[in-house]
Amino acid sequence: MSKVDISVVIPFFNEDESLSELHAWIKKVMDENAFSYEVLLIDDGSRDDSWNIVKKLKETNPEVRGFKFSKNHGKTAALQVGFNECVGEVVITMDADLQDSPDEIPGLYKMIKEEKYDIVSGWKQKRYDPITKTLPTKLFNATTRYISDIYLHDFNCGLKAYDSKVVKNITIYGEMHRYIPVIAKWNGFSKIGEKVVQHRSRKYGTTKFGLERFLNGFLDLLSITFVNKFGKRPMHFFGLFGVISFFLGSFITFFLIAEKVISIYNRQPYRNVTDNPLFYLALVAILIGSQLFLAGFLGELFVKQGITKEDYFVSEKV
């Protein structure tokens, strides 16, 4: 397909009541602003009539493109498919439940094209969610800000805008869709902005997310933090702690032996090194240190064997 101004990527799961209304709203906004555009609808294994609605929309709307998973893979997988397939200069992601307003699209597009942001994240300053959702969200956002050093109020907002070069040069997996700004920053896309957007109360159905997503999200944050810092140099992590543990255990062992030798030399009472609990703690430290160092060494071998190309992003060529 040829390039268009905007690609709207919409992952969804069991949203048959809202899809037609959402598409009509997007079409209205695009026509009013004379944008060339495409709408990518990614069905994440819906069990209702959602896919039939997508097919009906495609019959009369050439800008619609549909992709269907055979089973539920999660929002991250759906977004990755959208990122791979889209051809827009600016990529807008939004949820299908009508809580994200398409009226925000022109403002987001302007911030990417005119103000040259790499990413613009929506901030639902006034939310219409229950406290069981808003309270964990606040904690989640505070933790992510602290670890990533990216000051966004709402990492989990589905309404975001991206320069196309961002989505074409990052890979997301697991449940890492909420950390795209973090992943992008670590890949060199550091101009990340925020826009206050309207949050609407859910019109149809119920939320598809439970509290477990916040625990999974926190674990994913730890995972990408570790992989980013040590993924290509595992010895720096495992080797450091391995050396510290090994030398600490060795020091305690030599100290206990020296203490016994000195006591014998001075003809003072002594006890066998093996009778001292510290000796066994020292042995454990030596063993753990050796294993950590070996893990780092093996990790380095795997990294060297697994590299087929350097995944560096070249922003400009002459």
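The values are calculated or read from the model by the stated rules, or taken from the named source; none is laboratory data. Since the structure is predicted, the reported quantities are computational estimates derived from the model, not experimental observations. All Cβ positions, even for glycine, are placed from backbone atoms using ideal geometry, and neighbour counts span all protein chains on display. All accessible areas refer to the heavy atoms of the entire protein, side chains included, with ligands and DNA or RNA removed. Shrake-Rupley method; radii C 1.70, N 1.55, O 1.52, S 1.80 Å.
Divide, for region 1-140, the radius of gyration over alpha carbons by 2.2 N^0.38 Å, where N is the residue count.
1.06
Report the full-extension gain for the segment Lys71 to Ser20: residue separation times 0.36 nm, less the Cα-Cα distance, to one decimal in nm.
That works out to 16.1 nm of additional length.
Under a crude label model (7 Å from the Cα following the beta-carbon direction), how far is Arg233 from Glu114 in nanometres?
4.3
For Asn52 and Val261, calculate 0.36 nm times their separation in residues minus their Cα-Cα distance, and state this gained length in nm to one decimal.
Separation in residues times 0.36 nm, less the Cα-Cα distance, equals 66.9 nm.
Could you compute the FRET efficiency for Tyr173 and Val284, with r as their C-beta to C-beta distance and R0 at 30 Å, rounded to 0.05?
Working from the Cβ atoms, E equals 0.25.
State the percentage of accessible surface on region 1-144 attributable to carbon and sulfur atoms; use a 1.4 Å probe and exclude ligands, DNA and RNA.
52
To the nearest 0.05, what FRET efficiency results for Asn272 and Thr143 with a Förster distance of 41 Å applied to their C-beta separation?
For R0 = 41 Å, the calculated efficiency reads 0.25.
Give the peptides 138-148, 288-298 in descending order of average Cβ contacts within 10 Å, highest first.
For the peptides 138-148, 288-298, the packing ranking is 288-298, 138-148.
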